[in-house]
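Trainee: If you scroll down you'll find the structure; I have some questions about it.
The values are calculated or read from the model by the stated rules, or taken from the named source; none is laboratory data. Since we're looking at a predicted model, the values are computed, not measured. Cβ sites come from the backbone with ideal geometry, for glycine too, and all protein chains shown count toward neighbours. Surface accessibility is based on the protein's heavy atoms, side chains included, excluding ligands, DNA and RNA. Shrake-Rupley method; radii C 1.70, N 1.55, O 1.52, S 1.80 Å.
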Amino acid sequence: MKFAFAAAAAFVAAPAAADTVVVTADRMVDVLAGSTVEQPVVVITDGRIVSVTGRGAARPNIPAGARRIDLPGRTILPGLIDMHVHLTSLAEIGGYRGFEYTDSFWSAVGSANAAKTLRAGFTTVRNVGADGFQDVGLRQAIDGGWLQGPRIVTAGYAIGATGGHCDESKLPPSYDRKEVNIVNSPEEARAKVRWLHKYGAQVIKICATGGVFSHGDAVGAQQLTFDEMKAIAEEAHMLGLRVAAHAHGDEGIRAAILAGIDTIEHCSLASDATIALAAQKRTWFDMDIYNDDYILATGTANGTEQASIDKEKMIGRLQRETFRKAVRAGVPMLFGTDAGVYPHGDNGRQFAKMVEWGMTPMQAIQAATKSAAIALNRESDVGAIAPGRYGDIVAVAGDPLKDVRLLEHPDTVIKGGEVVKRD
């Protein structure tokens, strides 16, 4: 009996064998250096990269029994990062049609959307708004290995003002209720940040101005006061969280920058002066410049109200022109698509739009890798193929620096050293 116990104890104490994976390809996009590496060899142990070498460098010592993922003819890049998604939303169900579905429906489709997003090459996303902390549950299920999906940075509910973009405004007064995410003073705003953090928010999202898909508001009108935004930023930063602000209108964008908000989403109507302020303050712009094509092409077919289509017609072109001005002015830029406003899994289509409107392919790729990791304060684990970071890698057939559209359909996706897609 004593022998059996001692043997069991020894078995428990024995360290698990390290799992090592070796990835090879024709070339690698080094987003940190802004260059390419020929014939890379990437060694991943227990999900983290331990070494990266290229042609001409001494090859690493590879343990016996290491698994190999050889990708001849391919270019590898870091797992991509989308900084603005709504995994528990569907572009295919818009407007009042959403009321036809029970609350738990949105959590269910979120799991399918997460899998689509990962297979599209996006191994990390920032989910900026979900009812009922659905994104937190989705993150927990993915991290626990129950579902397949990207690493999710969760916001929970987005904070808004009464009657604003993040307040449900499609029903008559007989259905009136105060939504749990609504604030009407700086004091309420501080308390809401604490509440969101308590229940799993890893980033705070606010609705600083009106929006395209909100009912009865002006898309550019400011909806949270400067003092409310400042209180949110201060409270979030004290807790170690960063803040993203939905903001289309110039006054709301400017107020958010001055209040200390970290990333501004959409930025459609930013003036030249506000763009210069963002460049000076090093405030990130996160602009969804692809989805205008989808919104206008589908029109009201998915249930979207005509008023929302009219708003999109008003700001779509202006947003793209603002994007070009911001790039030229040196505003730090991120890759964010607003997936959920258009179908999940098509995230990569935005790269070509970013190049069309003023970025180089390398800049567009860095916006979805290196820059996104900095904005997330996660330079230690995502955003680059480099020692210490997760073994998150995508591969395409060809050179995405010559044809950025290759990123629309990666043929291999690796997350933490595990292949999740290989065509």
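Trainee: Say we join alpha carbon atoms closer than 10 Å with springs in a Gaussian network model of the chain; which of Met83, Met238, Met28 then has the biggest fluctuation?
Mentor: Met238
Trainee: Here's a follow-up. Mind telling me which of Tyr96, Tyr175, Tyr290 comes out most flexible in a GNM of the chain, alpha-carbon contacts under 10 Å?
Mentor: Tyr175
Trainee: Let me ask another. Can you tell me the 0 to 90 degree angle between the C-alpha axis of helix 306-329 and the longest principal axis of the chain, rounded to 10?
Mentor: 60
Trainee: Over the alpha-carbon set of segment 230-379, work out the extent along each principal axis and list the three values in angstrom, largest first.
Mentor: Per principal axis, max minus min of the Cα coordinates gives 44, 33, 29 Å.
Trainee: Among the lysines, select those whose C-alpha is under 24 Å from the C-alpha of Lys281, and discard any that sit fewer than 8 residues away in the same chain.
Mentor: Lys205, Lys230, Lys325, Lys370
Trainee: Straight-line reach only, C-alpha to C-alpha below 21 angstrom: list the lysines that Lys311 could link to, leaving out same-chain residues fewer than 8 apart.
Mentor: Lys170, Lys353
Trainee: Right, something else. Provide the solvent-accessible area of Lys421, counting protein heavy atoms only and rolling a 1.4 Å probe, rounded to the nearest 10 Å².
Mentor: Here the accessible area works out near 30 Å².
Trainee: So how do 99-108, 277-286, 71-80, 123-132 stack up, highest first, on mean other-Cβ count within 10 Å?
Mentor: Ranking, from highest mean packing down: 123-132, 71-80, 277-286, 99-108.
Trainee: At a Cα cut-off below 12 Å, give the aspartates and glutamates reachable from Lys402, other chains included and same-chain residues fewer than 8 away excluded.
Mentor: Filter leaves no residues.
Trainee: For the chain, what is Rg from Cα atoms divided by 2.2 N^0.38 Å, rounded to two decimals?
Mentor: Dividing the Cα Rg of the chain by 2.2 N^0.38 Å gives 1.02.
Trainee: When ranked by the protection proxy of mean other Cβ atoms within 10 Å per residue, highest first, what sequence do the peptides 53-62, 308-317 form?
Mentor: Answer by packing, highest mean first, reads 308-317, 53-62.
Trainee: As a test of the formula, what do you get for the chain when each DSSP H run with n ≥ 4 contributes -39,500 (n - 2.57) and the sum is divided by the residue count, at 222 nm and rounded to the nearest 500 deg cm²/dmol?
Mentor: So the helix-based figure for the chain works out to -10000 deg cm²/dmol.
Trainee: When the accessible area of the chain is computed with all protein chains present and a 1.4 Å probe, what percentage of it is carbon and sulfur?
Mentor: 53
Trainee: Ratio of Rg to Rh for segment 211-282, alpha carbon only, Kirkwood?
Mentor: When Rh is taken as the Kirkwood radius, the ratio is 0.97.
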